[in-house]
Structures are given as structure tokens and as C-alpha cells.
Amino acid sequence: MTTPAPTAPAFEVAAVREDFPILATRVGAHPLIYLDNAASAQKPRAVIDAISDYYSARHANIHRGVHYLSATATDAYDQARVTVAQFLHAAEPRECIFVRGATEAINLVASAWGRANLRPGDEILLSTLEHHANIVPWQIAAEAAGAKIKIIPINDQGELLLDSLDALLTARTKLLAITHVSNALGTVVSVRELIRRAHAVGAVVLVDGAQSVPHLPIDVQDLDCDFFAFSGHKLFGPTGIGVLYGKAALLEKMPPYQSGGDMIERVTFEKTTFRSIPERFEAGTPHISGVVGLAAAIRYLAKLGHAALAAHEQNLLAHATAAVRAIPGVRIIGEAKDKVGVLSFVMDGIHPHDIATILDSEGIAIRAGHHCAQPLMQRLGLTGTARASFAFYNTLAEADRLAATLLKVKKMFG
Ligand code: PLP
């Protein structure tokens, strides 16, 4: 007797959809089909309620008060840092800095670490897949230091050409800043291997995890990355909050990024001394309700279980890819072997914005354009793509509606 293949745990998408009030939205006569999750994901009631409860019963400024509410809010804030550290599998909560999002996290490292460490002639290694948030801060840091930027190329499927690393990684490479998952193509990058190779030449590695946290389990100690950045709003949490993880030894040596209240030990008009991490990098009153909401999102996801979500998402991606690929004149952009639920495509003779506009008229939300990845679009010879991006609350029927409506788009354009 053969052993049956292991099956994915049961996943009740209809029940999960009930957790997201916004999914009941109607767009004119049509039910909303939300396929713009890579831009920002929707929020479960657990997150909405946590924020409402925080403002209804627990709000005061943190850290500076001795009164009941200040202590309650401080507890919630500090506990959220523990939740985030567990989510990332960080060695210590103080390695997790609350910031506005992935963009601010990367700017913090480019500015503070860059100022202290980059010198003329140093090299920063990026890849063709990067989002502008992981390009522009490095250009500014490189210009300030007299450093140089080099790029890991990709093949036509949207996978990094790892063979190029032998020539690109040298003793001059000070930093590798690399996306974990491409927002435009969905490619999963083998960051573990890249980190190992970069460390072998003494480079520090920042992983842009903005698009990986909603789809992949993260273990920063196992990856051995030096920095890891993500945004709460792509992880079913609030906007305006995100996390920079950094190894304590590196963060402790970095100068402040922003300065003001809460990040100081002692201030005189002659000299100021700074607190240790994480406070050194959290100047001013933080986004307390955002932090509380982010922790609620992480707890919500943990309850659903990663394996069930991932299996459903892969199912959705395979189903949608097959249905969209079958439409004549459609070309799928980004066919890496390892992908998350991002489906980028172009249609012969039809502008991506026209595709998105017609889909919207049927209640289907996708994104069209360069997806903040203009150098990637240039490499692909495109000005933009249409991009449907899936979350675990999407259904196979929604993927079918996408394909059926794309067929209509094709007919409309003859
Ligand atoms: N990095 C990647 C790969 C992204 O997809 C995004 C946003 O789309 C960012 C960084 C920036 O994230 P945020 O705008 O939330 O700071």
C-alpha cells in the first residue's frame, strides 16, 4: 500500500472572508474583487477592533507617564514589540525598531548605517528586481559617500542570475540590499544563499521583506540577514507602521536617524547622549495605535496558520495563471519557478491602464503601471504591466472572473 501524499490543512475561504468587512463592498452592480493586495492588503476585524479598543480604552502617551493609562499603553506597545520579534524570530525584541514602513526602514539604514560606514570607492549591490524604495535611498547614500552601485541582473523569467555574483561580490562590496520577493513579478529570491555569499566577502545584507512577510514564514536568525524591513499595511495591519529588524551589534553602532524626545539619555545645550536600541531609533511619539494594530494582524495570521494560507495562495496563483495564459494575446510577465501570488501580464495592443479601467468597471481591482520598479520595466522592455495580486481571502471563482473579464477586454479592443 502506498502512503497517501500529505494534503494541505483544510482552509475555509468563505469563513475567512467574513473576517474582512470591506470584502462585502459592491462596486456599482458588481461585488468587489480585490486583487491589489501587493499594493496594500485589507484588514480583518481583529485589527480594526484592536485599534478601536486601543483608542476607546487604553490610549495615552507611552514611556513618559506614571499614570494608569500611560502604563497600559506602554504595556501594549512593548508587548507588540515582543509579538513582532517572535514573528520574525529575532533574537531579542530590542532588535525590532518601529518605523512608518519599509520605505522608512530602508531610509533609516541608508542614512544612519550609510553615514557611518560608506567610504569613497565602496560598492553597494542591488538587483534589477528592486522597488524604488530599495534603490533611491542607496543612490543618495552612495552619492554622499562617493560609493558606487552595482546591479545583479535577471533572466527573462524574472529570476536573479546568480552566476553573476562571482564577478559582482568583491572585497569592495560593503552592502547588499535585496528584495525577498519582487512586487512586480512575484519572484521569490533565494536570499539565504545571497546572504551567505555576501557575508563571505564581508558585506552587510539588508533584505526588503515588504512583499515576503504576507506570504512566507520569516526567520531572520536562520536567514542570518543583518537588516530586514517590512510594512504593516501589506501584512493585513494598519498603514503608517512598519518594522526595521537589525542585528543588535550593528544597530548599537549606528548613529541616530531622527532625533528629539524619547531617544536621548541626557540633553544639555553643550552635548546630548543617546539611549540604546530600540529607543535610539524611535524619536518622538510613535504610532502607538499602529503598533497595536500590527500586533493584532500578526496574531490573526498565526491563528490561521501559515501552511494553510500558503497552500491556498499557491492554488490561486496556479489557477489564475492557467486561466489568464489561455487568453490569446496575453503574455505573462515573470515566470520564475518560485513565485508568490502575483500575476503580471500584458495584452497585445492594449494599454495596461485600459485593462485596469475596464476591470474596475466590473468591480475588479488590479494595478497597472511600472509598480515603482522602472529599472525592472526597462530591462523587460515594457513601460508597465497589469498586475493582479492575490491574498488568502481571494477565491478561485474570483480568479475565473478575472480571466472572463480579460476575455471581454480583448473582444472590446477587437
Ligand atoms: N519594497 C517593496 C518590494 C514593495 O513592494 C514596497 C511597496 O510596494 C516597498 C518596498 C515600500 O513599502 P511602503 O510603501 O509600505 O513603505
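The values are calculated or read from the model by the stated rules, or taken from the named source; none is laboratory data. Just so you know, these numbers come straight off a predicted model, no measurement behind them. In this analysis, Cβ positions are derived from the backbone assuming ideal geometry, glycine residues included, and neighbour counts consider all displayed protein chains. Calculation scope for accessible area: heavy atoms of the full protein, side chains included, ligands and nucleic acids excluded. Shrake-Rupley method; radii C 1.70, N 1.55, O 1.52, S 1.80 Å.
General observations
- Segment D360-L396, length gained on full extension (0.36 nm per residue, minus Cα span): 11.1 nm
- Between the helical axis of 136-145 and the longest alpha-carbon principal axis of the chain there is an angle of about 40 degrees.
- Approximating the spin labels as points 7 Å out from Cα along Cα→Cβ, the E270-to-L161 distance works out to 5.9 nm.
- Long-range lysine pairs (8 or more apart or interchain), the stretch 48-303, Cα under 17 Å: 4
- Dimensionless Rg over Rh [the stretch 48-303; C-alpha; Kirkwood]: 0.99
- The peptide list 299-311, 73-85, 283-295, put in order of mean Cβ contacts within 10 Å with the highest first, becomes 283-295, 73-85, 299-311.
- Across the stretch 108-122, rounded Karplus estimates of 3J(HN,Hα) from the backbone phi angles (6.51 cos²θ - 1.76 cosθ + 1.60, θ = phi - 60°) give 4, 5, 4, 7, 6, 5, x, 4, 7, 10, 8, 10, x, x, 5 Hz, Gly and Pro being marked x.
- Taking N134, N61, N394 in turn, the Gaussian network model of the chain (Cα-Cα springs below 10 Å) assigns the largest fluctuation to N61.
- Sulfur and carbon atoms: percent of accessible area, the stretch 296-388 [1.4 Å]: 53
- Each of A24, A368, H215 was placed along the dipole of the chain (beta-carbon charges, centred on the mean Cα), and the one lying farthest toward the positive end is A368.
- Per-pair calculated FRET efficiency, R0 = 45 Å: R379 and N61 via Cβ, rounded to 0.05: 0.40
- A Förster distance of 22 Å, applied to the separation of the beta-carbon atoms of A91 and V201, puts the FRET efficiency at 0.35.
- Residue-normalised accessible area of the chain, given per residue in Å² at a 1.4 Å probe: 43
- Here the chain is treated with +1 on each Lys and Arg Cβ and -1 on each Asp and Glu Cβ, and its dipole about the Cα centre works out to around 380 debye.
- Nearest 10 degrees, 0 to 90: helix 306-325 Cα axis against the chain principal axis: 40
- For the chain, the relative contact order comes to 22 percent (Cα pairs under 8 Å, sequence separation of at least 6).
- FRET efficiency, 1/(1 + (r/R0)^6) with R0 51 Å, evaluated for K411 and D224 via beta carbons: 0.50
- The chain: angle of helix 396-412 to the longest principal axis, Cα-based, in degrees nearest 10: 60
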